[in-house]
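A.B. asks: Input: one structure, supplied below.
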Amino acid sequence: METKSLAMVVVITVSVMWGVEMATAELSAAQCKQERNLAITACKPVVYGKLPSPECCQRVRVTHLECVCPVITPKIAALIDVNRAIRLIQGCGRSVPRHYKCG
């Protein structure tokens, strides 16, 4: 997969997860990496214009923001269409808090 596509998968996955509340328990680096990989795999079709699948939306609901937001660099964030991300979030039944920043 080309770098730009992979970055877009990560960004869209994170964007969809904006509505997920942060957990109070600390997760290990390995647990966070696993959560990111599962989310990327489940939501990869979104990069190619597909709507989020039930599996993608489920993954969005259970993945912790503290695992994903730290890996979003300004360069990756610049690749995202914010309006599309918001529509994707809403499509998974989540709302986007005003002025929320991830990354």
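The values are calculated or read from the model by the stated rules, or taken from the named source; none is laboratory data. This one's a predicted model, so the numbers in the text were calculated from it and none came from an experiment. All accessible areas refer to the heavy atoms of the entire protein, side chains included, with ligands and DNA or RNA removed. Shrake-Rupley method; radii C 1.70, N 1.55, O 1.52, S 1.80 Å.
For (1) under 11 Å from the mean Cα position of the chain (by Cα); (2) at pLDDT 85 or above, each residue gets a yes or a no:
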site: Gly49; (1), (2): no, yes
site: Ser53; (1), (2): no, yes
site: Cys67; (1), (2): yes, yes
site: Pro70; (1), (2): no, yes
site: Ile76; (1), (2): no, no
site: Arg84; (1), (2): no, no
site: Cys92; (1), (2): no, yes
site: Val96; (1), (2): no, no
site: His99; (1), (2): no, no
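A.B. asks: How about the stretch 85-103: which of its residues are among the small types (Gly, Ala, Ser) and open to solvent by 80 Å² or more (accessible area, probe 1.4 Å)?
C.D. replies: Hit for the stretch 85-103 is Ser95, nothing else.
A.B. asks: Consider the stretch 29-84. How many of its residues are over 19 Å from Ser95 (Cα atoms), open to solvent by less than 40 Å² (accessible area, probe 1.4 Å) and among the hydroxyl-bearing types (Ser, Thr, Tyr)?
C.D. replies: Result for the stretch 29-84: 0.
A.B. asks: Please specify each residue of the stretch 72-89 satisfying the condition of being within 16 Å of Gly49 (Cα to Cα) and either of a type outside the set (Val, Ile, Thr) or part of a loop (DSSP other than H, G, I, E, B) (or both).
C.D. replies: If the condition is that a residue be within 16 Å of Gly49 (Cα to Cα) and either of a type outside the set (Val, Ile, Thr) or part of a loop (DSSP other than H, G, I, E, B) (or both), then Leu79, Ile80, Asp81, Asn83, Arg84, Ala85, Arg87, Leu88 are the ones that fit.
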